[in-house]
Structure formats: structure tokens, C-alpha cells
1. Are there any pairs with C-beta distances below 6 angstrom linking a residue in the stretch 14-27 that is closer than 12 Å to residue 40 by Cα to a residue that is surrounded by 11 or more Cβ atoms within 10 Å (Cβ to Cβ), with the two at least 6 apart or on different chains, and if so which?
2. Can you tell me which residue within the stretch 1-60, out of those that are at pLDDT below 75 and not in a helix (DSSP H, G or I), is surrounded by the fewest Cβ atoms within 10 Å (Cβ to Cβ)?
3. Return the pair list, or none, for Cβ contacts closer than 6 Å from residues in the stretch 35-47 that are closer than 13 Å to residue 19 by Cα to residues that are in a helix (DSSP H, G or I), at least 6 apart or on different chains.
């Protein structure tokens, strides 16, 4: 983000300096009276100021949009993390209950195959003892 700010600052500086240089060159090579030249300088100054304000407003709008998008994405990822955490907690609870229970767990709460093998081997060890 800092690189984008730096790029924008460089752009804005170059824009202003280029506008000033262009205005000075136009004034020096244009055959006009002093009053016409002052009017032209004033008009160019207003034009440059308006362009600068417009560019700054556009940059601000882009920054706001990017921030809103980042917030939305962060909220989405946080919700996904909460859902996965709850899912894992429930699965862990089922596995824990299956390990504690001496009887076979109901089919709807049967833990994954790896856990069943461990549970079966514990039951087998208990029977052997």
C-alpha cells in the first residue's frame, strides 16, 4: 500500500510541476499584453487547482473502495474460520464421546475411518487384558 501512495505522490508532483512548466513556456512564447498574461496565469492556476482536486478526490474514492473491499474480505474470512472451528469442535466432540463410550456410536455420529480403527484397537486391547 505504501508503494501505491508513493506512486500517487510522484504522479501528483510530476503533474503539478509539468503544469507549471507548461504554463510558463506558454506565457513566454505567446505575444500578449501584461494584463492578458496575468489573466491567463490566473486561469491556468485555477485549471491546475481543479485538476489537482479532481485527482485527489478520485484517489480518495479508490482508497475507500479498496478499504471497503478489504474489510468485506476480512469479515468473510473470519466467518469462514468460525464455521470451520465449530465444525472441528463438533467432530472432536463426536470422537471424544466415541472413545469414552464402551458401546458402538450411532451411524450418524461415527467418527472418520482412522478414528474408528484406533477405537477398535483400544477395544481389542481391553478385551485382551
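The values are calculated or read from the model by the stated rules, or taken from the named source; none is laboratory data. No experiment lies behind these values; they were computed from the predicted model shown. As a convention, Cβ positions derive from the backbone with ideal geometry for all residues, glycine included, and neighbour counts pool all protein chains shown.
1. Within 6 Å, the pairs are 23/44; 27/37.
2. 31
3. Close Cβ pairs (under 6 Å, with a partner that is in a helix (DSSP H, G or I)) amount to 44/23.
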